[in-house]
Amino acid sequence: CVAIQNRLVIAGIRGKETEIHFSRINNENIFPDDEAVDEVSVSKAATLDLINVLGEASKVSGLGVFESNKLVMFTPDRAILYVISHDYRNWHIVTDANINIGCLSHNTIATAGTDLLFCSRSGVHSIRKSKQNGIMVFSHSLSDKIDLLYRSLVRSVADPDSISAVFDQDEAQYHIYFPQSGGVLCKRLTLSLNPELEDETPKFSEGDTLNTRCGAFSAGKMLTGSAAGVYEVIPSGNPTDVDDVTPSARITTPFLWHGNLSATKSTYSLTLQATGKGVLNISAVDDANRIMGSITVEVDDEDDGKYTGVPLFRQYERSWQHHYRAAQYTITIQEGSGL
C-alpha cells in the first residue's frame, strides 16, 4: 500500500496477484469495485493489470513511489515503473527504466533523498536516475562488499516477507530488520550513507539492541518496535557534546608485515597522532601470538583535528624497541571526553 497523486494504491490481493487497484482521487474509501458502471470521471478509481507486461507467472511483491509521480511496481525478479497522473487515461510505462532486480519484501522499500532503497534476494539496491542524461532510471547495488553476510541474514529468516526496513533521515541510516524464529530475537543491519553523494562508499554495521523488529520515521522522530514495546530513538545530537558516561573503544589492526613477509624487523619507537581528550592503551602481539608489550598515552589536545584532511600536529612518540616479523596492535580508548 502506498499513496501517489492523491490516490491510495494497493496490491497483493488474493486471487489478483498481478492487479494494482487505485482509489478515487482524494477518497481512499472508493475503489474500482465501488464505482458505478457508467462512471466517466477521469478521477475515478481504476485498476492496472500487469499480467501482459510481466509475461510470466509472477506477482506484485512491493510498491514504491519514485520522484512523486512514478509508481514502482516490484515483482520477485524485476521492477516496472509507471507515470501516474490525475487522469487515469494518461498513465504509461517508463520505457527508459531498466531494473532487472526484484524486491524481497514490500516493507523494505524506503525513500532516501532522491533514491528509492529496497532489499532483494542478493543485496541492498538503490533506484536512481542517471547523472549523465537525467532520463534513464537504473538500479545500483550497495551491498557488494558484504554479499555473504547479507545472504546469511536473509537465510536466517523463516519468512522473507517479515523482513522490514526504515530510513532515518536525520542520521542518513537505512536499518534492515531480520526477525528470528520465536518472535523475540532479531538481527539488524544498518547502512550508513549520504544518498546525495552517489560516489560515497556505504558503510555497514550490525546490531541487536532491544531486538527491535521494525521501525518508522516521521517528522524528525525515529520509532522502533520490539517484543517489549515501542521505543523512541533519541538523536545523537552534536557529536562534540560531553557526557558524564563515556564508552570505551577498542581498535585491533590486522597483522602488519611492513612490506616483507620473511625478514625480521627492528623497531626503535612508536609514534601516535591523536587529537581530543582521553587515555589510550596500546598493546601488541607478534605473528606467533607472543605478547610484545604495552604502553599508555594520555592525550589532552582540543585544538587540532578541526579540519578534515589536514594532518594532526600533535604527535606522541614512545620508546618501542622490539624484533618481529609481523605485529598486531590493539588500541583501547578509555576515559574519553567528546570526540
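Lys and Arg at +1, Asp and Glu at -1: add these up for the other residues within a Cβ distance under 11 Å of I146 and post the number. Show your work: numbers first, answer last.
On the way: positive: K145, R151, K203; negative: D144, D147, E206.
In short, 0.
Solvent-accessible area assigned to carbon and sulfur over the chain amounts to 50 percent, based on a 1.4 Å probe.
Entry for region 150-192 at q = 0.25 Å⁻¹: log10 I(q)/I(0) = -0.84, Debye formula applied to identical alpha-carbon scatterers, no solvent contribution.
For F255, project a label point 7 Å along Cα to C-beta. Then give me every residue of region 271-296 with its amide nitrogen under 14 Å of that point. Residues passing the 14 Å test: 285-291.
Mean sequence separation of contacting Cα pairs (under 8 Å, at least six apart), scaled by the length of the chain, corresponds to a relative contact order of 9 percent. Separation of region 61-121 from region 152-223 is 20 Å, based on Cα centroids. For H258, the accessible area of its heavy atoms, probed at 1.4 Å with every protein chain present, is near 110 square angstrom.
A 1.4 Å probe, protein heavy atoms only, puts the accessible area of V53 near 50 Å². Each Lys or Arg adds one and each Asp or Glu takes one away; over the other residues whose Cβ falls under 12 Å from the Cβ of S85, this sums to +2.
Please sort by residue number the GluC sites (Glu not before Pro) in region 1-85 whose DSSP state is loop and whose Cβ has at most 11 other Cβ atoms within 10 Å. Within region 1-85, the qualifying GluC sites (Glu not before Pro) (loop, at most 11 other Cβ atoms within 10 Å) are E56. Listed cross-link partners K16/K70; K59/K145; K145/K187; K16/K44 are compared with a 26 Å cut-off, the Cα-Cα value being larger for K59/K145. Net charge around D33, counting only other residues with Cβ within less than 13 Å of its Cβ (Lys, Arg = +1; Asp, Glu = -1)? Spelling it out: positives minus negatives among the neighbours equals -1.
Take the Cα of E17, step 7 Å toward its Cβ, do the same at Y231, and the gap between the two points is 3.8 nm. Taken over the alpha carbons of the chain as equal point scatterers, the Debye sum produces base-10 log I(q)/I(0) values at 0.08, 0.14 Å⁻¹ of -0.56, -1.19. Taken along its principal axes, the alpha carbon cloud of region 66-105 reaches lengths of 31, 20, 17 Å, longest axis first. Taking all protein chains together and a 1.4 Å probe, the residues R128, R151, R121, R89 rank R89, R121, R151, R128 from largest to smallest accessible area.
Comparing mean-square fluctuations of L189, L104, L261 from a GNM of the chain with C-alpha springs under 10 Å, the top value falls on L261.
Taking 0.36 nm per residue of separation and subtracting the current Cα-Cα distance, fully stretching the chain between M136 and N52 would add 27.9 nm.
Residue separation times 0.36 nm, minus the C-alpha to C-alpha distance between D96 and D244: what's the value?
Stretched fully, the D96-D244 segment lengthens by 47.8 nm.
With every protein chain in place and a 1.4 angstrom probe, the accessible-area ranking of V285, V245, largest first, reads V245, V285.
Using a 1.4 Å probe, what is the accessible area per residue for the chain, in Å²? Walk me through the numbers before you get to the answer.
Working: 19360 Å² over 339 residues.
I get 57 Å² per residue for this part.
About its Cα centre, how strong a charge dipole does the chain have in debye, to the nearest 20, once Lys and Arg get +1 and Asp and Glu get -1 at the Cβ? Walk me through the intermediate numbers first.
Details: 29 positive and 42 negative charges, 192 e Å.
The calculated dipole for the chain is roughly 920 debye.
Only protein heavy atoms count here; under a 1.4 Å probe, H323 has an accessible surface of about 140 Å².
The values are calculated or read from the model by the stated rules, or taken from the named source; none is laboratory data. Keep in mind that what you see is a predicted model, and the values were worked out from it rather than measured. All Cβ positions, even for glycine, are placed from backbone atoms using ideal geometry, and neighbour counts span all protein chains on display. What goes into the accessible areas is simple: the full protein's heavy atoms, side chains included, and nothing from ligands, DNA or RNA. Shrake-Rupley method; radii C 1.70, N 1.55, O 1.52, S 1.80 Å.
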